[in-house]
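Since the structure comes first, as structure tokens, the remarks are kept for the end.
Bear in mind these aren't lab numbers, they're just calculated from the coordinates by the rules spelled out. Values in this document were obtained by computation on a predicted structure and should not be read as measured data. Virtual Cβ from ideal backbone geometry, glycine too; neighbours counted across all protein chains shown.
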Amino acid sequence: MMWRAIFLGLCVIGLAAVPFFGDDVLVQYGIDALLFATLAQAWNILGGFTGYVSFGNSSFYGLGTYGTAIAMAQLHWPFGIGLGLGAVLAVGCAVLFGIPILRLRGHYFAIATLALSASLSAIIANLDIAGRNIGLILPLTRADAAFYEEALLLLVAATATVAWIARSRFGMGLLAIREDEDAALVMGVNTTRYKIAALSLSAFFTAIAGGIHAYWITFVDPGGAFDLTLNVRMVIMAMFGGPGTVFGPLLGAFVLSAVYDVLASSISTAAALLFGLVIVLAVIFMPRGLLDLASGFRREGARYLLQNIRMHRL
Amino acid sequence: MLLAQILLNGVLLGGLYGLMALGMALVWGVLNIVNLAHGALVMLGGYCVYFLFAGLGIDPFAALPIAMLAMFAFGYLLQRFVLNLIIRSAALNTLLITFGLDVVLTYLAQLAFTADFRTINPSYAGANVAILGLTVPLLRLAAFVAAVVLAALLWVLLQRTRLGRAIRATAQNLVAARLYGVDPAQLYALTFGLGAALAGAAGGLYGMVSQVTPYIGATLTAKSFVITIIGGLENPFGIVLGGIVIGIIEALASLYIGATFTDAISFGLLVLILVARPARSLRNA
């Protein structure tokens, strides 16, 4: 336990030191990877623990970016307050929207959240204060190292939250919802309140990540802020690493970000194609993620890969 | 008069939407897979008809059955050798794998066919008739009629044939159907093939009234989903009706509110329906 804590501490210090040694390109890749890892981790809070697949996280991301952008570009408030505004918008939206749609289960919940981001992006694209279709330009700052450290801090905070959830009564309740929601309800879990709390936490971290990204690239527009493929990447990264675990989403995000960046810099169509293939193969051969694959492979070798098919084929 | 014309356009386009959603509803109802690659199958069908027309000079309506046959074979193989492997795992996994397939098909199409806009443009594409002062574009009318005919054929297939009975039985109760001698692996593949064939037909017709690119899949999937929810999973005609409703709503929304809001409105409607009446058509929601 103590060794694990020391190892994790060293990892964080090592990551924090990157801007002091690495070159600009590495730091920029780093910011991207850290923000993606935060998004995957935030998605994990609801998706991994309760099994509710949210495609609405991209709308929390969009609200976070627009909250920050409106505060800074239109109202000339400082960055910190902008982040706060984005977070308030996103959490408010999560609570308001969560109350009706968290009654839905399975596919229906997934698609209702999909509807949320499509509608929000259309509404934002017609608001004057949000710059309509054109978007907003934020004040320019050249401080990649600072953005990197902020992104790292956010990731550490999100991961610490998930680590707390994983061992708390709250987390047990969420897992109970995933395994059997009716049984959880009977056992005295206030499922509605638990799910809304999980969605709100998820929205909070997603919105902050969006705000940091907006200030970093100094530009937001509806298409980019509410980009659905971003949400899909969160899901895939969390699933690839290991949903419902503390470190799985981080692992998935780092591995897939690296693969994607390497491929995208050479051949972009092939990168997207490979991404799709990875999803298909991962669902067939390792639906519980990399972390489970590692332990399963140690236990039973190559047979692990066929186990999923054996369990779930006709 | 303008209103009537808008309504007419909405109805004609809506019939096509309904056909598009039929395949998704069939697969969803029987296999319990929400096929996120459905739009990609529509896209492939569109390219099939396009190349039969532009490459071989076959009339697009004669090319439709050929495209449907090709898409049937493709769907059959996909279900038999890929999706059947994980069909009984959690809903999230079937969603994810069909999403992965959507990405693969989209980018394979981009590599093979380039990102150019393609329109299936036969010589009679611009022809109109005037009925009661309304302009009826013949191509859209033909696409509408083809959509309704295919929905009727599906209804006959499901209600009046042995295969249809087996499909309906499996949708109701897999174990019982198995005990009566249905081979589910085969039947699932056939059903998915039928869904793909319907998607292919919709794609061909869509290519005649609009454009085909590798990227049309996602929005068409979303549209089919909304229509499926509105129409319910039981009756093909309900789905076509759902398509017409969406077609009319889109036409009215783009006239009175603005074209950027059309998707938001149909999705907002979807959420309202999901939340307001989960009991009836969505008993297992």
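In degrees from 0 to 90, rounded to the nearest 10, what is the angle of the helix B:2-31 Cα long axis to the longest principal axis of chain B? Between the helix axis and the principal axis of chain B, the angle is about 10 degrees. Note on chain A: with a GNM built from Cα contacts shorter than 10 Å, the maximum mean-square fluctuation among A:Ala302, A:Ala122, A:Ala151 falls on A:Ala302. Mean silhouette area of the range A:239-283, derived from the convex hull of its C-alpha atoms and averaged over all directions, reads 2.9 nm². Once backbone amide H atoms are built at 1.01 Å from N, B:Asn128 has B:Leu138 as its partners under 5 Å, excluding neighbours fewer than 5 places away on the same chain. The Cα center of the range A:137-153 and the Cα center of the range A:207-226 differ in position by 12 Å.
For chain A, the equivalent ellipsoid derived from the alpha-carbon gyration tensor has semi-axes of 30, 25, 20 Å in decreasing order. A simple rule links phi to the HN-Hα coupling: the Karplus curve 6.51 cos²θ - 1.76 cosθ + 1.60 with θ = phi - 60°, which for the range A:146-160 gives 5, 4, 4, 5, 4, 4, 5, 4, 4, 4, 4, 4, 5, 5, 4 Hz, with x for Gly and Pro. The fewest-to-most ranking of B:Trp155, A:Trp164, A:Trp43, B:Trp28 by surrounding Cβ atoms within 10 Å reads A:Trp164, B:Trp155, B:Trp28, A:Trp43. So what's the gap between the Cα centers of the range B:147-171 and the range A:236-261, to the nearest angstrom? The range B:147-171 and the range A:236-261 have Cα centres separated by 43 Å. In chain B, the longest principal axis of the Cα atoms and the axis of helix B:184-209 are about 10 degrees apart. Scalar couplings 3J(HN,Hα) for the range B:58-72, obtained by applying the Karplus form with A = 6.51, B = -1.76, C = 1.60 to θ = phi - 60°, are 7, 4, x, 6, 6, 6, 3, x, 5, 4, 5, 5, 4, 5, 4 Hz; x denotes Gly and Pro. Proximity of backbone amide H atoms, modeled 1.01 Å from N, is registered between A:Gly51 and no other residue at under 5 Å, excluding neighbours fewer than 5 places apart on the same chain.
A Cβ-based charge dipole, computed about the Cα centre of the range B:132-231 with Lys and Arg at +1 and Asp and Glu at -1, lands at about 220 debye.
About the centre of its Cα atoms, chain B shows a dipole size close to 780 debye [charges on the beta carbon of Lys, Arg (+1) and Asp, Glu (-1) only; nearest 20 debye]. In the frame of its principal axes, the range A:158-314 has Cα extents of 51, 42, 29 Å, reported largest first. Other residues with beta-carbon under 13 Å from the beta-carbon of B:Ala176 carry, at +1 per Lys or Arg and -1 per Asp or Glu, a net charge of +3. Computed about its Cα centre, the charge dipole of the range A:134-192 is approximately 160 debye, with only Lys, Arg, Asp and Glu carrying charge at their Cβ. Ranked for footprinting exposure by Cβ neighbours inside 10 Å, fewest first, B:Glu250, A:Glu149, B:Glu234 give B:Glu234, A:Glu149, B:Glu250. Sequence-distant contacts, meaning Cα pairs under 8 Å at least 6 residues apart, place the relative contact order of chain B at 41 percent.
Computed from the alpha carbon positions, the gyration tensor of the range B:229-276 leads to an equivalent ellipsoid with semi-axes of 21, 13, 6 Å, biggest first.
Summarising the amide proton neighbourhood of A:Phe219: residues at separation of 5 or more, or on other chains, whose placed amide H is nearer than 5 Å comprise A:Leu138.
Note that the range B:81-96 has calculated 3J(HN,Hα) couplings of 10, 10, 5, 4, 5, 10, 4, 9, 7, 4, 4, 4, 5, 5, 4, 5 Hz, one per residue in order, obtained from phi through the Karplus relation 6.51 cos²θ - 1.76 cosθ + 1.60 (θ = phi - 60°); glycine and proline are x. In terms of Cα atoms, the Rg and Dmax of the range A:115-196 work out to 20.1, 54 Å. Would you work out which of B:Leu139, B:Thr114, B:Ala152 lies farthest towards the positive end of the dipole of the range B:2-276, given +1 charges on the beta-carbon of Lys and Arg and -1 on that of Asp and Glu, about the Cα centre? Final value for the positive-end residue is B:Ala152. Could you give the Stokes-Einstein D for the range B:133-194 in µm² per second, using the C-alpha Kirkwood radius, 25 °C, 0.890 mPa s? Approximately 181 µm²/s, per Stokes-Einstein. All other residues whose Cβ lies under 14 angstrom from that of B:Phe267 are scored, Lys and Arg at +1 and Asp and Glu at -1, for a net of -1.
Size of the protein assembly as shown from its Cα atoms: along the principal axes, largest to smallest, the extents are 74, 59, 50 Å. Counting every alpha-carbon pair across the range B:165-279, the share separated by more than 17 Å comes to 66%. Summing charges over neighbours of B:Gly39, with a neighbour being any other residue whose Cβ is under 15 Å away from its Cβ, gives -1 when K and R count +1 and D and E count -1.
Listed by Cβ neighbour count within 10 Å, with the fewest neighbours leading, A:Phe240, A:Phe60, B:Phe51 appear as B:Phe51, A:Phe240, A:Phe60. Simple rule: put +1 on each Lys or Arg Cβ and -1 on each Asp or Glu Cβ in the protein assembly as shown, find the dipole, and look at B:Phe61, A:Trp216, A:Leu35; the Cα lying farthest toward the positive end is B:Phe61. Each principal axis of the Cα atoms in the range B:2-276 has its own extent, and those three values, largest first, are 59, 48, 35 angstrom.
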